[in-house]
Every structure is written in C-alpha cells, then in structure tokens.
Amino acid sequence: MCTHISEKAVVDPTTSIGFNCVIHDDVRIGRGCEIGDNVVIHAGTVIGDRVCVGDNTVLGRQPRSGATSIRGTSAQKPLVIGDGVVIGSGVVVYAGTEIRRDSMVADLAAVREGCIIGEGARIGRCVSIECNTVVGRNTVVQTGTHLTGDMVIEGEVFIGPEVCTANDKYMSRRPGVELKGPYIREGASVGSNATLLPGIEIGPGAVVGAGAVVTRDVPAGEVVVGNPAVALRRGGEPGVTRKNEGT
C-alpha cells in the first residue's frame, strides 16, 4: 500500500495522512488535520485546520455530464473546506463548493458543485445535495434527505429524515423554463418524508408535518400537514408548534 502526494501540494507537517491516499497538484491542507485511508483529494482543493476526513472519501472532483445529460457542466473553481469541518467515510464533494467552518458532512453523503454548506451545519448520512444549493448556518439535514439543485435553506432550519425536494415543475427540462427549488426561511422545520415541490417558500418558523406534500407557499409560523398540505394552525395562533418539535 502506498500514498501519493504531489510535489506541488502543501501539507502541514502536523497533519496525518492514511494509506493509499492520492493528493493532487496545488492542494493545500492546514494544521492538525486527519486524512483517512484511500482518500482522493483533487487539484487545487483547500482544506483548513483541524479537518477530519474519513476513509474512501473523494474531495474536489470536477463535474462531468453524461452523453444524454440535459444540464451541462463546466470547469469549477477548487473546493474549499473551512477549519474544524468533519467529513465522514465514503463522501463525495465536488469542486466549486464551499464547506464552512465547524460543519459536518456524514458518511456516504454527496455534495455537488456550486453549493455552500454554512457554518456549523450538519449534513446527515446518505444525504444528496444537488448543484447550486445553499444550506445555512447551524441547519440540520437528517439521514437520506434529497436536496434538489437551485434551492436555498436559511439558518437554524431542521429537516427530518428522507425529505424530498424538487426544482422542475414539468418533470422534464423545457427550453426557457427556470429550475427553481424550494426556499426555506430561518428557523423553519420540515418533518420526515415530507415532499416540497418546486419554487415553494416555507416561511420563517413554519412547520411542515411528517409526510406532508407541500404544493404552495407556507406563511411564517404556520403549521401544515397532509397531502396536499393544509394549515393545521395559522402563524401566531395559540399553541403553534415551535421549531424542531412535533416533526
């Protein structure tokens, strides 16, 4: 077993590198990092201090379109990973993305290009995040969730396991039609197995119940349940469920 570190890479001597790792040109790795076995770090990737990367993870790979892909790809700027980030085993993070300090991306997750993972965010096991999506500070995205491309999640949001989101209301790309995922505002909560349709907005502090199918905007503080989702309580009414409760 062996490890290859490019002569053009800069790795702080206090960082530990596992077996069978490949570190490409112009990679920079800061102080006190732990890089597991069989990790591939692609050219130009920047890793801050005290970052932990699990076994069999791929960081900074460039996107590539298939022969029949509708959405093309282009060369991306290098992946940037902030101080204190924890990245699990079997994770794939593309170039063009930024993972900010003290956040976590758990085992088997995948993060496409053009994304931002905010400070202190927690991305759960087997989560998939498509391109050009923003996850705000201290937001929690739990196991098995699919975050579509072109969506925004503000800070302090809770998203339960296996939530599904979409960005194409026609379910087939049409010329001139904008892809637009949901927009989830500060402090909202989305329960397990909920489905959020393209372009809808979940207002600040709103709650989407488990299994709900959200087809319209949800105002601030409102609680919605069912398929299609309807209001259980309006924002500001007594007894409204608070963030992260009842999901």
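Just so it is clear, none of the values below were taken in a lab; they were calculated from the coordinates. Not measured: the values here are computed from a predicted model. Cβ placement follows ideal geometry from the backbone for every residue including glycine, while neighbour counts extend to all protein chains displayed.
The dipole here belongs to the range 13-120: it is taken about the Cα centre, uses +1 on the Cβ of Lys and Arg and -1 on the Cβ of Asp and Glu, and is about 360 debye. For the range 15-149, the Stokes-Einstein estimate of translational diffusion at 10 °C and a viscosity of 1.306 mPa s comes to 110 µm²/s, using the Kirkwood hydrodynamic radius over alpha-carbon pairs. The aspartates and glutamates whose alpha-carbon is closer than 12 Å to the alpha-carbon of LYS169, local same-chain residues fewer than 8 away aside, are GLU178.
Where both residues lie in the range 1-65, what percent of DSSP beta bridges are antiparallel, nearest 5?
0 percent
A simple spin-label model places pseudo-atoms 7 Å from Cα toward Cβ; at SER172 and HIS4 they are separated by 4.4 nm.
Between ARG216 and SER69, the contour length at 0.36 nm per residue exceeds the alpha carbon distance by 50.0 nm. Rounded to the nearest 20 debye, the dipole magnitude of the range 35-191 is 480 debye, with +1 charges on Lys and Arg beta carbons, -1 on Asp and Glu beta carbons, and the Cα centre as origin.
Determine the relative contact order of the chain: mean sequence separation of Cα pairs under 8 Å and six or more apart, normalised by residue count, in whole percent. With pairs under 8 Å counted, the relative contact order is 9 percent.
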